[in-house]
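Undergrad: Pasting a structure below so you can have a look.
The values are calculated or read from the model by the stated rules, or taken from the named source; none is laboratory data. What you are looking at is a predicted structure, and each value in this text was computed from that prediction instead of being measured. All Cβ positions, even for glycine, are placed from backbone atoms using ideal geometry, and neighbour counts span all protein chains on display. Protein only, heavy atoms only, side chains kept; ligands, DNA and RNA dropped before computing areas. Shrake-Rupley method; radii C 1.70, N 1.55, O 1.52, S 1.80 Å.
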Amino acid sequence: MASAATAAVFGFVGVAHAADNKEIQMLHWWTSGGEAAALNVLKQDLAKEGYTWKDVPVAGGGGEAAMTTLKAMVAAGNPPTASQILGYFALDYAEAGKLGDVSSIAAKEHWADVVPKALQKFTTTNGKWDAVPVNIHSVNWVWINKAVMEKIGGTEPKSFDDFVALLGKAKAAGVIPLALGGQPWQEATMFDSVVASTGGIEFYKKAFVDLDESALKSATMKQAFDNLAKLKEFVDPNFAGRDWNLATAMVIKGDALVQVMGDWAKGEFGAAKKVAGSDFLCYRFPGTDGSVIYNTDMFALFNVSADRKAAQLALADATMSISFQSAFNVVKGSVPARMDVPDTAFDACGKKGIADVKSANAKGSFVGSMAQNYAQPPAVAGAYHDVVTKFFHGEIKTSDAAVTELVKAINNAK
Ligand code: BGC
(Lines give C-alpha, C1' and ligand atoms only; values in the text may rest on other atoms or scores of the structure.)
Protein backbone atom coordinates (compact mmCIF):
# COMPACT_ATOMS: atom_id res chain seq x y z
CA MET A 1 0.00 0.00 0.00
CA ALA A 2 2.78 2.41 0.96
CA SER A 3 4.66 1.79 -2.26
CA ALA A 4 1.57 2.37 -4.38
CA ALA A 5 1.00 5.71 -2.70
CA THR A 6 4.67 6.63 -3.05
CA ALA A 7 4.54 5.80 -6.74
CA ALA A 8 1.51 8.05 -7.04
CA VAL A 9 3.45 10.91 -5.47
CA PHE A 10 6.41 10.33 -7.75
CA GLY A 11 3.87 10.85 -10.53
CA PHE A 12 3.60 14.45 -9.36
CA VAL A 13 7.18 15.20 -8.52
CA GLY A 14 8.90 13.27 -11.26
CA VAL A 15 9.68 9.57 -11.58
CA ALA A 16 12.36 8.19 -9.28
CA HIS A 17 15.49 7.57 -11.30
CA ALA A 18 18.94 6.14 -10.95
CA ALA A 19 20.44 9.41 -9.67
CA ASP A 20 18.19 9.31 -6.61
CA ASN A 21 20.05 8.64 -3.42
CA LYS A 22 18.36 5.59 -1.89
CA GLU A 23 19.81 6.13 1.57
CA ILE A 24 17.66 7.26 4.50
CA GLN A 25 19.70 8.81 7.25
CA MET A 26 17.81 8.86 10.53
CA LEU A 27 18.86 10.39 13.83
CA HIS A 28 17.13 8.99 16.92
CA TRP A 29 17.57 7.96 20.54
CA TRP A 30 15.88 4.58 20.27
CA THR A 31 18.67 2.46 21.67
CA SER A 32 16.95 0.25 24.28
CA GLY A 33 15.80 -3.29 23.43
CA GLY A 34 12.14 -2.36 22.92
CA GLU A 35 12.98 0.82 21.02
CA ALA A 36 15.41 -0.92 18.66
CA ALA A 37 12.84 -3.65 17.98
CA ALA A 38 10.24 -1.03 17.05
CA LEU A 39 12.64 0.83 14.78
CA ASN A 40 13.39 -2.45 12.99
CA VAL A 41 9.78 -2.54 11.79
CA LEU A 42 10.43 0.68 9.88
CA LYS A 43 13.85 -0.36 8.60
CA GLN A 44 12.35 -3.56 7.22
CA ASP A 45 9.40 -1.82 5.56
CA LEU A 46 11.75 0.56 3.77
CA ALA A 47 14.22 -2.17 2.83
CA LYS A 48 11.34 -3.90 1.03
CA GLU A 49 10.98 -0.74 -1.05
CA GLY A 50 14.68 -0.75 -1.90
CA TYR A 51 15.90 1.92 0.53
CA THR A 52 19.02 1.58 2.63
CA TRP A 53 19.19 2.75 6.21
CA LYS A 54 21.89 4.87 7.74
CA ASP A 55 21.41 4.84 11.46
CA VAL A 56 22.48 7.83 13.58
CA PRO A 57 21.68 6.65 17.11
CA VAL A 58 22.40 9.01 20.00
CA ALA A 59 21.74 7.21 23.28
CA GLY A 60 20.02 9.00 26.12
CA GLY A 61 16.36 8.67 27.06
CA GLY A 62 14.29 11.79 26.56
CA GLY A 63 16.53 12.79 23.65
CA GLU A 64 18.64 15.54 25.20
CA ALA A 65 21.93 14.27 23.75
CA ALA A 66 20.24 13.53 20.41
CA MET A 67 19.01 17.11 20.17
CA THR A 68 22.55 18.42 20.71
CA THR A 69 23.88 16.21 17.90
CA LEU A 70 21.02 17.25 15.63
CA LYS A 71 21.71 20.91 16.25
CA ALA A 72 25.36 20.45 15.28
CA MET A 73 24.48 18.53 12.10
CA VAL A 74 21.97 21.14 10.97
CA ALA A 75 24.34 24.01 11.80
CA ALA A 76 27.02 22.31 9.69
CA GLY A 77 24.59 22.20 6.77
CA ASN A 78 24.50 18.42 6.98
CA PRO A 79 20.99 17.52 8.22
CA PRO A 80 19.81 13.91 8.33
CA THR A 81 16.93 12.84 6.07
CA ALA A 82 14.84 12.81 9.23
CA SER A 83 15.21 13.00 12.97
CA GLN A 84 13.14 11.75 15.85
CA ILE A 85 11.96 14.92 17.55
CA LEU A 86 9.56 16.14 20.23
CA GLY A 87 7.09 19.01 20.18
CA TYR A 88 8.54 22.49 20.31
CA PHE A 89 11.96 21.35 19.07
CA ALA A 90 10.32 20.76 15.68
CA LEU A 91 8.72 24.21 15.69
CA ASP A 92 12.13 25.81 16.21
CA TYR A 93 13.56 24.08 13.12
CA ALA A 94 10.44 24.94 11.14
CA GLU A 95 10.68 28.62 12.08
CA ALA A 96 14.33 28.64 11.08
CA GLY A 97 13.32 27.33 7.65
CA LYS A 98 15.23 24.09 8.09
CA LEU A 99 12.42 21.65 7.30
CA GLY A 100 11.18 20.25 4.00
CA ASP A 101 7.68 19.73 2.70
CA VAL A 102 5.70 16.55 2.17
CA SER A 103 2.34 18.27 1.76
CA SER A 104 1.68 16.69 -1.64
CA ILE A 105 1.44 13.24 -0.10
CA ALA A 106 -0.30 14.53 3.05
CA ALA A 107 -3.09 16.02 0.94
CA LYS A 108 -3.42 12.95 -1.21
CA GLU A 109 -3.68 10.66 1.81
CA HIS A 110 -5.81 13.02 3.91
CA TRP A 111 -3.53 13.05 6.94
CA ALA A 112 -5.25 16.19 8.23
CA ASP A 113 -8.45 14.17 8.69
CA VAL A 114 -6.92 11.35 10.74
CA VAL A 115 -4.22 12.96 12.90
CA PRO A 116 -5.47 14.77 16.06
CA LYS A 117 -5.51 18.54 15.57
CA ALA A 118 -3.38 19.01 18.69
CA LEU A 119 -0.55 17.13 16.97
CA GLN A 120 -0.89 18.99 13.70
CA LYS A 121 0.30 22.12 15.49
CA PHE A 122 3.70 20.37 15.61
CA THR A 123 3.71 18.53 12.27
CA THR A 124 2.72 21.48 10.07
CA THR A 125 3.83 25.07 9.49
CA ASN A 126 1.29 27.37 7.84
CA GLY A 127 -0.57 24.32 6.58
CA LYS A 128 2.57 22.70 5.14
CA TRP A 129 3.48 19.22 6.49
CA ASP A 130 7.13 19.15 7.52
CA ALA A 131 7.09 16.35 10.10
CA VAL A 132 5.21 13.08 10.50
CA PRO A 133 3.89 11.70 13.81
CA VAL A 134 5.00 8.12 14.41
CA ASN A 135 3.01 7.47 17.55
CA ILE A 136 1.29 8.87 20.60
CA HIS A 137 3.02 8.09 23.86
CA SER A 138 1.66 9.23 27.18
CA VAL A 139 3.53 9.75 30.41
CA ASN A 140 0.76 9.19 32.96
CA TRP A 141 1.08 5.43 33.39
CA VAL A 142 2.31 3.08 36.09
CA TRP A 143 3.78 -0.36 35.26
CA ILE A 144 3.45 -3.07 37.88
CA ASN A 145 4.94 -6.55 38.25
CA LYS A 146 1.84 -8.71 38.71
CA ALA A 147 3.47 -11.49 40.76
CA VAL A 148 4.91 -8.93 43.18
CA MET A 149 1.53 -7.20 43.37
CA GLU A 150 -0.09 -10.52 44.32
CA LYS A 151 2.66 -11.35 46.80
CA ILE A 152 2.06 -8.12 48.71
CA GLY A 153 -1.74 -8.34 48.40
CA GLY A 154 -1.97 -5.05 46.51
CA THR A 155 -4.92 -3.73 44.51
CA GLU A 156 -5.25 -1.06 41.84
CA PRO A 157 -4.48 2.36 43.37
CA LYS A 158 -7.16 4.89 42.42
CA SER A 159 -5.79 7.98 44.12
CA PHE A 160 -2.41 9.40 45.09
CA ASP A 161 -3.00 8.31 48.69
CA ASP A 162 -3.82 4.77 47.52
CA PHE A 163 -0.58 4.80 45.58
CA VAL A 164 1.46 5.80 48.62
CA ALA A 165 -0.29 3.08 50.65
CA LEU A 166 0.55 0.50 47.97
CA LEU A 167 4.20 1.57 47.93
CA GLY A 168 4.20 1.28 51.72
CA LYS A 169 2.95 -2.30 51.49
CA ALA A 170 5.80 -3.20 49.13
CA LYS A 171 8.33 -1.59 51.46
CA ALA A 172 6.96 -3.53 54.41
CA ALA A 173 7.29 -6.74 52.39
CA GLY A 174 10.96 -6.00 51.67
CA VAL A 175 10.49 -5.28 47.96
CA ILE A 176 11.86 -2.11 46.32
CA PRO A 177 8.59 -0.21 45.90
CA LEU A 178 9.43 2.31 43.16
CA ALA A 179 11.92 1.69 40.34
CA LEU A 180 13.20 5.11 39.35
CA GLY A 181 15.97 6.37 37.16
CA GLY A 182 17.16 9.51 38.90
CA GLN A 183 17.88 11.62 35.84
CA PRO A 184 16.30 15.07 35.40
CA TRP A 185 14.09 14.13 32.44
CA GLN A 186 12.75 11.02 34.23
CA GLU A 187 11.98 12.85 37.45
CA ALA A 188 10.28 15.65 35.52
CA THR A 189 8.30 13.10 33.48
CA MET A 190 7.05 11.55 36.73
CA PHE A 191 6.27 14.98 38.16
CA ASP A 192 3.96 15.71 35.19
CA SER A 193 1.74 12.91 36.48
CA VAL A 194 2.03 13.98 40.11
CA VAL A 195 0.89 17.50 39.21
CA ALA A 196 -2.10 16.25 37.19
CA SER A 197 -3.02 13.87 40.01
CA THR A 198 -2.67 16.52 42.71
CA GLY A 199 -4.47 19.40 40.99
CA GLY A 200 -6.46 17.76 38.19
CA ILE A 201 -5.93 18.21 34.46
CA GLU A 202 -7.37 21.74 34.33
CA PHE A 203 -4.84 22.83 36.93
CA TYR A 204 -2.09 21.11 34.94
CA LYS A 205 -3.12 23.07 31.84
CA LYS A 206 -3.28 26.36 33.68
CA ALA A 207 0.16 25.87 35.17
CA PHE A 208 2.06 24.27 32.31
CA VAL A 209 0.27 25.18 29.09
CA ASP A 210 -0.81 28.70 30.11
CA LEU A 211 2.14 29.27 32.48
CA ASP A 212 -0.29 31.04 34.81
CA GLU A 213 1.90 32.37 37.59
CA SER A 214 -0.77 32.07 40.26
CA ALA A 215 -1.09 28.36 39.45
CA LEU A 216 2.67 27.85 39.32
CA LYS A 217 3.13 29.24 42.84
CA SER A 218 -0.17 28.00 44.29
CA ALA A 219 -0.76 25.86 47.35
CA THR A 220 -1.73 23.11 44.91
CA MET A 221 1.69 23.22 43.23
CA LYS A 222 3.31 23.12 46.66
CA GLN A 223 1.22 20.08 47.46
CA ALA A 224 2.41 18.49 44.21
CA PHE A 225 6.03 18.98 45.30
CA ASP A 226 5.18 17.55 48.73
CA ASN A 227 3.64 14.55 47.00
CA LEU A 228 6.77 14.14 44.89
CA ALA A 229 8.82 14.16 48.10
CA LYS A 230 6.65 11.33 49.43
CA LEU A 231 7.59 9.19 46.42
CA LYS A 232 11.27 9.64 47.19
CA GLU A 233 10.79 7.56 50.34
CA PHE A 234 10.17 4.53 48.14
CA VAL A 235 13.15 4.46 45.78
CA ASP A 236 16.24 2.29 46.35
CA PRO A 237 19.59 3.85 47.34
CA ASN A 238 21.04 3.41 43.83
CA PHE A 239 18.41 5.34 41.92
CA ALA A 240 20.55 8.38 41.01
CA GLY A 241 21.60 8.47 37.35
CA ARG A 242 19.99 5.12 36.44
CA ASP A 243 18.76 4.77 32.85
CA TRP A 244 15.00 4.44 32.42
CA ASN A 245 15.15 1.00 30.81
CA LEU A 246 17.22 -0.37 33.71
CA ALA A 247 14.47 0.82 36.03
CA THR A 248 11.93 -0.96 33.83
CA ALA A 249 14.09 -4.11 34.02
CA MET A 250 13.84 -4.02 37.83
CA VAL A 251 10.05 -4.29 37.52
CA ILE A 252 10.25 -6.91 34.76
CA LYS A 253 12.50 -9.09 36.96
CA GLY A 254 10.36 -8.58 40.06
CA ASP A 255 13.10 -6.70 41.93
CA ALA A 256 10.73 -3.75 42.22
CA LEU A 257 6.95 -3.36 42.28
CA VAL A 258 6.30 -0.41 40.00
CA GLN A 259 7.73 2.16 37.61
CA VAL A 260 6.06 5.46 36.78
CA MET A 261 6.96 6.00 33.13
CA GLY A 262 5.63 6.71 29.68
CA ASP A 263 4.42 3.73 27.70
CA TRP A 264 7.79 3.22 26.03
CA ALA A 265 8.28 1.09 29.18
CA LYS A 266 5.77 -1.35 27.71
CA GLY A 267 8.15 -1.83 24.77
CA GLU A 268 10.68 -3.25 27.25
CA PHE A 269 8.14 -5.68 28.72
CA GLY A 270 7.34 -6.76 25.16
CA ALA A 271 11.01 -7.23 24.26
CA ALA A 272 11.32 -9.44 27.38
CA LYS A 273 8.32 -11.48 26.16
CA LYS A 274 6.16 -10.40 29.09
CA VAL A 275 2.41 -10.27 28.59
CA ALA A 276 0.03 -7.51 29.71
CA GLY A 277 -2.50 -8.74 32.25
CA SER A 278 -0.61 -11.92 33.15
CA ASP A 279 2.97 -10.74 33.79
CA PHE A 280 2.44 -7.04 34.26
CA LEU A 281 -0.34 -4.55 34.92
CA CYS A 282 -0.78 -1.07 33.51
CA TYR A 283 -2.84 1.63 35.18
CA ARG A 284 -3.08 5.31 34.58
CA PHE A 285 -1.09 7.21 37.21
CA PRO A 286 -3.51 7.19 40.16
CA GLY A 287 -5.82 10.18 40.01
CA THR A 288 -5.27 10.86 36.29
CA ASP A 289 -7.54 8.31 34.61
CA GLY A 290 -9.47 9.99 31.80
CA SER A 291 -6.58 12.31 30.95
CA VAL A 292 -3.76 11.70 28.52
CA ILE A 293 -0.54 13.66 29.01
CA TYR A 294 1.01 12.98 25.65
CA ASN A 295 4.31 13.11 23.88
CA THR A 296 4.41 12.12 20.26
CA ASP A 297 7.54 11.00 18.51
CA MET A 298 7.73 12.79 15.20
CA PHE A 299 10.16 12.51 12.35
CA ALA A 300 11.22 16.02 11.43
CA LEU A 301 11.83 16.05 7.68
CA PHE A 302 14.77 18.28 6.87
CA ASN A 303 15.44 20.34 3.79
CA VAL A 304 17.62 17.88 1.91
CA SER A 305 19.19 18.00 -1.54
CA ALA A 306 16.98 17.11 -4.51
CA ASP A 307 18.45 13.62 -4.89
CA ARG A 308 17.42 12.73 -1.31
CA LYS A 309 13.82 13.92 -1.53
CA ALA A 310 12.34 10.74 -3.00
CA ALA A 311 13.74 8.72 -0.09
CA GLN A 312 12.35 11.27 2.36
CA LEU A 313 8.89 11.02 0.80
CA ALA A 314 9.07 7.24 0.95
CA LEU A 315 9.94 7.45 4.64
CA ALA A 316 7.04 9.81 5.34
CA ASP A 317 4.67 7.64 3.37
CA ALA A 318 5.74 4.42 5.09
CA THR A 319 5.49 6.08 8.52
CA MET A 320 1.93 7.21 7.94
CA SER A 321 0.61 3.92 6.56
CA ILE A 322 -2.09 2.26 8.65
CA SER A 323 -0.31 -1.09 8.68
CA PHE A 324 2.96 0.45 9.88
CA GLN A 325 1.26 2.54 12.56
CA SER A 326 -0.24 -0.64 13.94
CA ALA A 327 2.85 -2.88 13.68
CA PHE A 328 5.30 -0.28 15.01
CA ASN A 329 3.21 0.87 17.94
CA VAL A 330 2.42 -2.67 19.09
CA VAL A 331 6.17 -3.12 19.57
CA LYS A 332 6.97 0.41 20.80
CA GLY A 333 4.30 0.45 23.53
CA SER A 334 2.69 3.61 22.18
CA VAL A 335 -0.58 4.04 20.27
CA PRO A 336 -1.05 5.09 16.65
CA ALA A 337 -0.98 8.78 15.72
CA ARG A 338 -3.78 8.12 13.22
CA MET A 339 -7.23 7.77 14.71
CA ASP A 340 -8.36 5.23 12.08
CA VAL A 341 -6.01 2.37 13.00
CA PRO A 342 -7.86 -0.67 14.40
CA ASP A 343 -6.86 -1.76 17.93
CA THR A 344 -7.05 -5.46 17.00
CA ALA A 345 -3.32 -6.18 17.18
CA PHE A 346 -2.81 -4.37 20.52
CA ASP A 347 -2.69 -5.89 24.02
CA ALA A 348 -5.02 -4.77 26.83
CA CYS A 349 -2.83 -1.77 27.74
CA GLY A 350 -2.58 -0.70 24.11
CA LYS A 351 -6.34 -0.99 23.67
CA LYS A 352 -6.85 1.16 26.76
CA GLY A 353 -4.28 3.64 25.43
CA ILE A 354 -6.10 3.94 22.11
CA ALA A 355 -9.50 4.38 23.77
CA ASP A 356 -8.06 6.91 26.24
CA VAL A 357 -6.58 9.05 23.46
CA LYS A 358 -9.89 9.14 21.63
CA SER A 359 -11.97 10.06 24.66
CA ALA A 360 -9.43 12.54 26.07
CA ASN A 361 -9.13 14.17 22.66
CA ALA A 362 -12.92 14.54 22.49
CA LYS A 363 -13.30 16.03 25.97
CA GLY A 364 -10.27 18.33 26.11
CA SER A 365 -8.11 16.27 28.47
CA PHE A 366 -5.51 15.40 25.84
CA VAL A 367 -2.67 17.64 27.01
CA GLY A 368 1.01 17.94 26.10
CA SER A 369 3.71 16.79 28.49
CA MET A 370 5.72 19.61 30.07
CA ALA A 371 8.68 17.31 30.68
CA GLN A 372 8.68 16.07 27.09
CA ASN A 373 8.56 19.48 25.35
CA TYR A 374 4.90 19.33 24.36
CA ALA A 375 3.64 22.06 26.69
CA GLN A 376 6.43 24.62 26.30
CA PRO A 377 9.55 25.33 24.24
CA PRO A 378 12.83 23.62 25.22
CA ALA A 379 14.18 26.47 27.37
CA VAL A 380 11.12 26.44 29.64
CA ALA A 381 10.96 22.65 29.74
CA GLY A 382 14.66 22.61 30.64
CA ALA A 383 14.07 25.08 33.49
CA TYR A 384 11.31 22.77 34.75
CA HIS A 385 13.61 19.70 34.64
CA ASP A 386 16.18 21.66 36.58
CA VAL A 387 13.91 22.72 39.43
CA VAL A 388 12.24 19.30 39.75
CA THR A 389 15.55 17.47 39.89
CA LYS A 390 17.09 19.92 42.36
CA PHE A 391 14.09 19.41 44.62
CA PHE A 392 14.12 15.64 44.25
CA HIS A 393 17.83 15.43 45.09
CA GLY A 394 17.53 17.78 48.05
CA GLU A 395 19.29 20.84 46.65
CA ILE A 396 16.00 22.75 46.91
CA LYS A 397 14.80 21.85 50.36
CA THR A 398 11.14 22.77 50.70
CA SER A 399 8.07 22.89 48.47
CA ASP A 400 7.84 26.60 49.28
CA ALA A 401 11.29 27.17 47.86
CA ALA A 402 10.51 24.86 44.94
CA VAL A 403 7.57 26.93 43.68
CA THR A 404 9.54 30.15 44.08
CA GLU A 405 12.42 28.66 42.07
CA LEU A 406 10.00 27.29 39.48
CA VAL A 407 8.45 30.68 38.81
CA LYS A 408 11.88 32.31 38.69
CA ALA A 409 13.40 29.70 36.37
CA ILE A 410 10.42 29.75 34.00
CA ASN A 411 10.35 33.55 33.85
CA ASN A 412 14.06 33.61 33.03
CA ALA A 413 13.61 31.01 30.30
CA LYS A 414 10.56 32.57 28.64
C1 BGC B 1 10.47 9.27 23.53
C2 BGC B 1 10.27 7.78 23.45
C3 BGC B 1 11.49 7.09 24.01
C4 BGC B 1 11.79 7.61 25.41
C5 BGC B 1 12.97 6.96 26.09
C6 BGC B 1 10.88 9.71 24.93
O7 BGC B 1 11.22 11.05 24.92
O8 BGC B 1 9.29 9.94 23.16
O9 BGC B 1 10.07 7.34 22.13
O10 BGC B 1 11.28 5.70 24.02
O11 BGC B 1 12.04 8.98 25.34
O12 BGC B 1 14.09 6.93 25.29
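Undergrad: On the given criteria, is Asn238 of a type in the set (S, T, N, Q), in a helix (DSSP H, G or I), under 24 Å from Glu64 (Cβ atoms) and open to solvent by 30 Å² or more (accessible area, probe 1.4 Å)?
TA: Answer is no for this residue.
Undergrad: Of all residues in the stretch 245-264, which are assigned to a helix (DSSP H, G or I) and closer than 19 Å to Leu167 by Cα?
TA: Ala247, Thr248, Ala249, Met250, Val251, Ile252, Lys253
Undergrad: Also, I was wondering about something else. Pairs only if they're at least six apart or on different chains, beta carbon under 9 angstrom, first in the stretch 251-279 and on the phi < 0 side of the Ramachandran plot and within 16 Å of the ligand (Cβ to nearest atom), second open to solvent by 10 Å² or more (accessible area, probe 1.4 Å) and at pLDDT below 95; list them, first residue then second.
TA: Close Cβ pairs (under 9 Å, with a partner that is open to solvent by 10 Å² or more (accessible area, probe 1.4 Å) and at pLDDT below 95) amount to Trp264/Gly61.
Undergrad: Looking at the stretch 337-383, which of its residues are in contact with a strand residue (DSSP E or B) (Cβ under 7 Å, 6 or more places away or on another chain), within 16 Å of the ligand (Cβ to nearest atom) and assigned to a loop (DSSP other than H, G, I, E, B)?
TA: Ala337, Ser369, Gln372, Tyr374, Ala375, listed by residue number.
Undergrad: Restricting to the stretch 373-412, and then to whatever is small (Gly, Ala, Ser) and surrounded by 17 or more Cβ atoms within 10 Å (Cβ to Cβ), can you tell me which residue is farthest from Leu211 (Cα to Cα)?
TA: Ranking the candidates gives Ser399 first.
Undergrad: Here's something else I'd like to know. Given Lys128, Lys117, which one is basic (Lys, Arg) and in contact with a strand residue (DSSP E or B) (Cβ under 9 Å, 6 or more places away or on another chain)?
TA: When all the criteria are applied, what remains is Lys128.
Undergrad: Which one of Asn145, Asn140 is touching a residue at least 12 places away in the same chain (Cβ under 8 Å) and closer than 17 Å to Ala375 by Cα?
TA: That would be Asn140, the only listed residue that is touching a residue at least 12 places away in the same chain (Cβ under 8 Å) and closer than 17 Å to Ala375 by Cα.
Undergrad: Would you check which residues across the stretch 133-147 are touching a helix residue (DSSP H, G or I) at 6+ places or on another chain (Cβ under 6 Å), buried (at least 24 other Cβ atoms within 10 Å of the Cβ) and outside any loop (DSSP other than H, G, I, E, B) and list them?
TA: Correct list: Ile136, Trp143, Asn145.
Undergrad: Residues of the stretch 384-414 being within 19 Å of Asn373 (Cβ to Cβ) and part of a helix (DSSP H, G or I), which ones?
TA: Across the stretch 384-414, the qualifying residues are Tyr384, His385, Asp386, Val387, Val388, Thr389, Leu406, Ala409, Ile410, Asn411, Asn412, Ala413.
Undergrad: Scanning for something of a type outside the set (Lys, Arg), open to solvent by 60 Å² or more (accessible area, probe 1.4 Å) and free of Cβ contacts under 8 Å to residues at least 60 places away in the same chain, does the stretch 28-39 turn up at least one residue?
TA: Within the stretch 28-39, one or more residues are of a type outside the set (Lys, Arg), open to solvent by 60 Å² or more (accessible area, probe 1.4 Å) and free of Cβ contacts under 8 Å to residues at least 60 places away in the same chain.
Undergrad: Are there any strands (runs of 3 or more DSSP E) wholly within the stretch 20-122 with 3 or more residues that are away from the ligand (no atom under 16 Å from the Cβ) and at pLDDT 95 or above, and if so which?
TA: Hits in the stretch 20-122: 23-28, 52-57.
Undergrad: Of everything in the stretch 177-217 that's more than 18 Å from Ala381 (Cα to Cα) and of a type outside the set (A, V, I, L, M, F, W, C), which residue is most open to solvent (accessible area, probe 1.4 Å)?
TA: Among residues in the stretch 177-217 that are more than 18 Å from Ala381 (Cα to Cα) and of a type outside the set (A, V, I, L, M, F, W, C), the one most open to solvent (accessible area, probe 1.4 Å) is Glu202.
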